[in-house]
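Peer 1: First the structure, then my questions, so here it is.
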Amino acid sequence: MSERIAIPAQGLDHARILEQLQGFRAQDADWKAGRTWALVYYAGEAHYDLIKQAHHLYFSENGLNPIAFGSLKRMETDVVSMTASMLHAPADAVGTMTSGGTESLLLAVKAYRDRARKLKPWIRKPEMVLPRTAHCAFDKAAHYFGVKARYAPVGPDFRADPAAMRKLINRNTVLLVASAPQYPQGVVDPIEDIAALAREKKLPLHIDACFGGFVLPWLEKAGVAVPLWDFRVDGVTSISADLHKYGFAAKGASTLTYRDMSYLKHQFFVSTDWPGGIYASATIPGTRPGGPIAAAWAALHAMGEDGYVRTARVAWETAARLRAGVDAIDGIRNCTTAHAPVVSYMADAADVDIYVVADRMTEKGWEVSRQQYPACVHMTVNANQAPIVEAYLADLTEAVAWCRAHPEARKTGEAAMYGMMAKVPIRAFVKQSVLKVMEAMYAPGVGGMPDLGNLGGGEGDDPLLKLVDKYGDQAMEALDKLSDARAALKARLGRRSPRR
């Protein structure tokens with residue numbers, strides 16, 4: 001444990017502080033060079049400088065009080081209006097800006113829970129039905145707001161299965177959810193079919209377009225065949241879309257748009273009995289930083305439709321080049337055909353462990369997003385990554401070959417941890433392991449990432465790590481056999497003739 005740091009007795013020189021801050025960034029991901037495939041969305045240095053300046057102009061203003069800072073309310077109204085227009089919303093559409101996709105999804109679940117309390121007071125244990133690939137922020141919303149999440153399996157193309165969702169709807173259902181696209185493989189759920197189900201059951205339908213809301217409309221304008229998913233679909237009642245993704249705004253900016261005020265009003269919070277006065281809030285935070293609102297307003301005006309269409313087209317073409325390159329590498333393959341600038345690839349040979357490949361790519365300086373069910377690598381593609389496609393594919397080719405030449409690598413590093421966690425059927429063990437990582441990360445005096453191989457006070461008492469350390473390949477092989485047996489049983493049950 002490192003020594004506790006205290007506030008300095010005397011303030012430091014400003015230049016020295018800025019120099020230290022620059023030094024802290026030295027080991028961070030190199031996103032401007034395109035070596036990250038998530039987390040940051042970059043539209044070039046000129047645009048980057050503009051949103052920095054816009055953010056700086058309003059970095060002290062507080063959106064909590066729209067009377068004191070009417071300029072922020074005006075900009076938020078403009079951003080919501082432009083977003084609604086992009087999403088083909090009706091004239092009565094309303095909405096708010098939020099701090100990001102997670103807040104947008106939390107608010108949607110909260111609003112529909114409270115709407116059900118008003119319209120269906122007999123529902124004491126509200127539930128929502130959503131595909132297994134829906135964003136994990138819905139899990140967080142379920143945890144926070146007491147709404148049970150009922151997950152439906154998806155089809156072989158990773159899209160939601162409306163028939164499976166139908167089976168989960170009951171008298172406690174207050175919300176249906178679909179994604180445009182879902183994050184792991186970048187495919188748009190069959191929203192027209194799910195919306196028909198929502199209309200039939202008289203249920204609201206939220207579309208999580210946090211990831212794709214500010215790129216799918218421009219791909220459509222660029223001539224890409226995108227399934228219908230927005231307010232043009234009768235039955236869609238709300239859509240979340242992140243400005244700080246393909247809207248190229250500063251971090252901390254999303255939108256939540258409702259078809260009309262009958263839905264949005266259930267998002268509001270009002271307290272009338274506090275000695276400090278009457279308090280009203282449209283979103284979760286009290287203080288709302290003005291910088292992200294101003295930067296989002298600036299980004300939309302600076303990019304314009306032509307800028308968004310141009311960058312979306314290049315991102316799509318870049319993703320297509322990556323997919324072709326992946327399929328040309330023996331031992332791996334694309335998971336599916338995406339509807340967005342997304343590439344998701346997995347192992348396609350018994351001697352290739354995709355997590356070992358991911359570790360090797362990390363060693364080469366690439367930021368890698370590891371996924372599970374199935375084990376694969378996710379890449380969100382930006383236009384600025386067009387120049388580095390060949391470099392990435394060259395490194396990926398070498399990483400796959402290296403993986404095949406070093407089968408022992410699956411016992412070490414993140415490959416061992418991810419491989420084990422993805423296969424353990426008792427998810428409570430996985431949760432316990434991740435909680436230990438979180439505890440270590442936020443322990444007193446910790447300044448960075450903990451040592452994953454030395455959790456639990458130096459004794460390595462994490463159950464999954466102990467399995468990896470003690471049994472290595474034997475544990476992995478046992479879990480593989482268990483997974484195969486479960487899949488075979490599931491297939492047998494699926495082929496079983498119906499009872500007569």
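Bear in mind that the values in this text are calculations on the coordinates, not laboratory data. Values in this document were obtained by computation on a predicted structure and should not be read as measured data. Every residue, glycine among them, receives a Cβ derived from its backbone with ideal geometry; neighbour counts consider all protein chains shown.
Peer 1: Where nothing but the Cβ of Lys and Arg (+1) and of Asp and Glu (-1) is charged, how large is the charge dipole of segment 54-300 around its Cα centre, in debye to the nearest 20?
Peer 2: 920
Peer 1: Let me ask another. Would you mind estimating how fast segment 305-411 diffuses translationally, via Stokes-Einstein at 4 °C and 1.567 mPa s with the Kirkwood radius over Cα pairs, in µm²/s?
Peer 2: For these conditions, the coefficient is 92 µm²/s.
Peer 1: So in the chain, what percent of DSSP beta bridges are antiparallel if you round to the nearest 5? Mind dumping the intermediate values first?
Peer 2: Details: 25 of 40 bridges.
In the chain, approximately 60 percent of DSSP beta bridges are antiparallel ones.
Peer 1: As an exercise, take the mean of 1/r over every pair of distinct alpha carbons in segment 54-300, invert it, and state the Kirkwood radius in angstroms. Walk me through the intermediate numbers first.
Peer 2: Details: mean 1/r = 0.0548 Å⁻¹.
Here the Kirkwood hydrodynamic radius works out to 18.2 Å.
Peer 1: Subtracting the Cα-Cα distance from 0.36 nm times the residue separation, let me have the gained length for V434 to L18 in nm, one decimal.
Peer 2: 146.3 nm
Peer 1: Would you pull out the residues with amide H under 5 Å of A38's amide H, same chain only if 5 or more places away, H placed 1.01 Å from N?
Peer 2: Here T380 satisfy the definition.
Peer 1: Still on this structure: For the chain, which longest stretch is free of loop sites, where a loop site is one of the chymotrypsin sites (Phe, Trp or Tyr not before Pro) that DSSP puts outside H, G, I, E and B and that has at most 16 other Cβ atoms within 10 Å?
Peer 2: It works out to 269-441.
Peer 1: Then there is this: Listed here are the pairs K251/K431; K32/K431; K52/K265; K73/K265; K110/K436; which of them are more than 25 Å apart at the Cα?
Peer 2: Table pairs above 25 Å Cα-Cα are K251/K431; K32/K431; K52/K265; K110/K436.
Peer 1: Given labels modelled 7 Å from the Cα in the Cβ direction, how far is it in nm from A26 to T272?
Peer 2: Output for this residue pair reads 6.0 nm.
Peer 1: Can you give me the Cα centroid spacing of segment 371-406 and segment 12-88 in angstrom?
Peer 2: Each part reduced to its Cα centre gives a spacing of 29 Å.
Peer 1: Counting every Cα pair in the chain, what percent are over 42 Å apart?
Peer 2: 22
Peer 1: Another question, if that's okay. Tell me what the chain gives for mean residue ellipticity at 222 nm when only DSSP H runs of n ≥ 4 count, each as -39,500 (n - 2.57), the sum divided by the residue total, rounded to 500 deg cm²/dmol.
Peer 2: Helix contribution divided over all residues of the chain: -14000 deg cm²/dmol.
Peer 1: Take the chain, mark every one of the GluC sites (Glu not before Pro) that falls in a DSSP loop and has at most 15 other Cβ within 10 Å, then report the longest stretch left between them, sites excluded.
Peer 2: Counting only loop sites that pass the neighbour cut-off, the longest clear stretch is 4-458.
Peer 1: Okay, moving on. Among K140/K201; K364/K481; K245/K411, which pairs are too far apart, with a Cα-Cα distance over 30 Å?
Peer 2: Too far apart for the 30 Å limit: K364/K481; K245/K411.
Peer 1: Could you put L87, L216, L12 in order, starting from the residue whose Cβ has the fewest other Cβ atoms within 10 Å?
Peer 2: L12, L87, L216
Peer 1: Here is a follow-up. What does DSSP give for segment 96-195 in terms of the percent of beta bridges that are antiparallel, rounded to the nearest 5?
Peer 2: The antiparallel proportion sits near 10 percent.
Peer 1: Convert 20 °C to kelvin, take the viscosity as 1.002 mPa s, use the Kirkwood radius over C-alpha pairs of segment 1-153 as Rh, and evaluate the Stokes-Einstein diffusion coefficient in µm²/s, rounded to a whole number. Walk me through the intermediate numbers first.
Peer 2: On the way: Rh = 20.6 Å.
Taking Rh from Cα pairs, D becomes 104 µm²/s.
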